[in-house]
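Right, one structure below, let's go through it.
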Amino acid sequence: DQQVKQNSPSLSVQEGRISILNCDYTNSMFDYFLWYKKYPAEGPTFLISISSIKDKNEDGRFTVFLNKSAKHLSLHIVPSQPGDSAVYFCAASFAGGTSYGKLTFGQGTILTVHP
Amino acid sequence: EPEVTQTPSHQVTQMGQEVILRCVPISNHLYFYWYRQILGQKVEFLVSFYNNEISEKSEIFDDQFSVERPDGSNFTLKIRSTKLEDSAMYFCASSYSWDRYLAKNIQYFGAGTRLSVL
């Protein structure tokens, strides 16, 4: 199942710089997208989401951009902090039929922010 | 802050045994989910549950799996006869509502139960 793909398994960034995490999807029915962060031995923690009726959503240091024509979304973290070091998952869901918000996840990207 | 709690954090069982994984979703949430993550692989959807019935399930969720909300606060996943390939981290999640235009369809996850089948 490759409907949601995060092609970069890891990303290393200097503290204070921008982190850009990317996600591609193939299913055009997806209309709601979320980013989760996961620390070891914890569950995924919600970060930020975006509906397909928007192309940008901001929350503090986190901004998600959605390009529907390219089926691509990205998460920008500015400025990056060492505490942001974690695995970041992109997830997607869609309305329709009997779907009740089932999330389809990407493989995750390990972000390391160096002091 | 309200959270989803899962017990136990680690369950070890013999192949063929039944296991029950327990979850307490956030109290005012209405939609409940189980996901699993096999080591090194993606988080995969298993099942969603709403209004006391399964609303959607994946191909993985075969007759060996069942879910229940026995008492209005707990949400359980039962695996009737465990196989080696059931070894994974199992995550419970809940959400208040599900509507793509509302902010309240965010799923909140528990810390997971690591199931080891020997």
> Once Rh is set to the Kirkwood radius over Cα pairs, what Stokes-Einstein translational diffusion coefficient, in µm²/s, holds for the range A:3-57 at a temperature of 10 °C and a viscosity of 1.306 mPa s?
Replying inline: 119
>> Just checking the output field for B:41-54: average partner chain Cβ neighbours within 10 Å of each residue's Cβ?
In response: 4
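If the limit is 27 Å between Cα atoms, which of A:Lys5/A:Lys56; A:Lys102/B:Lys83; A:Lys38/B:Lys57; A:Lys56/B:Lys57; A:Lys71/B:Lys57 go over it? Intermediate results must be reported in sequence, preceding the final value.
Numbers: A:Lys5/A:Lys56 20 Å; A:Lys102/B:Lys83 25 Å; A:Lys38/B:Lys57 24 Å; A:Lys56/B:Lys57 31 Å; A:Lys71/B:Lys57 25 Å.
With Cα atoms farther than 27 Å apart: A:Lys56/B:Lys57.
For the protein assembly as shown, what is the charge dipole size about the Cα centre, in debye to the nearest 20, if Lys and Arg each add +1 at the Cβ and Asp and Glu each add -1 at the Cβ? If you can, show how the numbers build up before the last one.
Details: 21 positive and 23 negative charges, 73 e Å.
Magnitude of the dipole: close to 340 debye.
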> Across the range A:10-19, in residue order, what do the Karplus-derived ³J(HN,Hα) couplings come to in whole Hz, using 6.51 cos²θ - 1.76 cosθ + 1.60 with θ = phi - 60° and x for Gly and Pro?
Replying inline: 8, 8, 10, 9, 7, 3, x, 8, 8, 9
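Hey, could you get me the Stokes-Einstein D for chain A, Kirkwood radius over alpha-carbon pairs, 10 °C and 1.306 mPa s, rounded to whole µm² s⁻¹? Intermediate values should be presented prior to the final figure.
Details: Rh = 14.2 Å.
Diffusion coefficient, whole number: 112 µm²/s.
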>> Using the Cα centre of the range B:3-117 as the reference point, and only Cβ charges (+1 on K/R, -1 on D/E), how large is the resulting charge dipole? Debye, rounded to the nearest 20.
In response: 260
> Restricting the count to DSSP beta bridges whose residues both fall in chain B, what percent are antiparallel, rounded to a multiple of 5?
Replying inline: 90
>> Cα atoms only: what Rg and Dmax, in Å, come out for the range B:53-118?
In response: 13.9, 44
> Counting only Cα, what are the radius of gyration and maximum Cα-Cα distance Dmax of the protein assembly as shown, in Å?
Replying inline: 17.5, 52
> What do you get for Rg/Rh of the range B:1-100 when both radii come from the Cα atoms and Rh is the Kirkwood radius?
Replying inline: 0.95
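None of the figures in this text is laboratory data; all of them are computed from the coordinates on show. Predicted, not measured: the structure shown is a model, and the values here were computed from it. No Cβ is skipped: glycine too gets one built from the backbone with ideal geometry, and neighbour counts run over all protein chains shown.
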